[in-house]
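Values quoted throughout were computed directly from the atomic coordinates according to the rules given, and no laboratory measurement underlies them. Keep in mind the model is a prediction, meaning the values are calculated, not measured. Cβ sites come from the backbone with ideal geometry, for glycine too, and all protein chains shown count toward neighbours.
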Amino acid sequence: MKIRELRQKSEKELQQVLVSLRDKLRELRFNLAGGKVKNIKEIHQTKKDIARILTLLKEKYAKSKRK
């Protein structure tokens with residue numbers, strides 16, 4: 001996901017995307033252990049997307065605290 005796309009979403013939507021990405025990462029790790037994952041880059045990309053979302057949520061939280 002691009003950061004531009006994520007910045008346009010509300011906090012609630014970001015939370016939902018975060019939950020779905022964490023589920024996806026859990027499934028990818030499980031499949032990696034079972035030898036079913038062919039694209040290991042997908043795990044790395046999912047981790048990066050999760051980090052982006054957490055960063056945006058932290059920024060939005062900090063902005064709401066300042067007001």
For the chain, the longest principal axis of the Cα atoms and the Cα long axis of helix 11-34 enclose an angle in degrees, to the nearest 10, of 20
Looking only at lysines whose Cα falls under 17 Å of Lys41's and that sit 8 or more positions away or on another chain, we get Lys2, Lys24
Of the candidates Val17, Gly35, Ile53, the farthest towards the positive dipole end of region 3-66 (Lys/Arg Cβ +1, Asp/Glu Cβ -1, centred on the Cα centre) is Ile53
For the chain, the longest principal axis of the Cα atoms and the Cα long axis of helix 41-66 enclose an angle in degrees, to the nearest 10, of 20
Taking Cα pairs closer than 8 Å and at least 6 residues apart, the relative contact order of the chain in percent is 46
Residue span Asp23 to Lys9: 0.36 nm per residue of separation minus Cα-Cα distance leaves a gain in nm of 3.1 nm
The answer for Val37, listing residues at least 5 apart or on another chain whose modeled amide H is closer than 5 Å to its amide H, is Leu32
Any aspartates and glutamates whose Cα falls less than 20 Å from that of Lys38, other than same-chain ones fewer than 8 residues away, would be Asp23, Glu27, Asp49
For the chain, inverting the pair-averaged 1/r of distinct alpha-carbon atoms gives a Kirkwood value in Å of 12.9
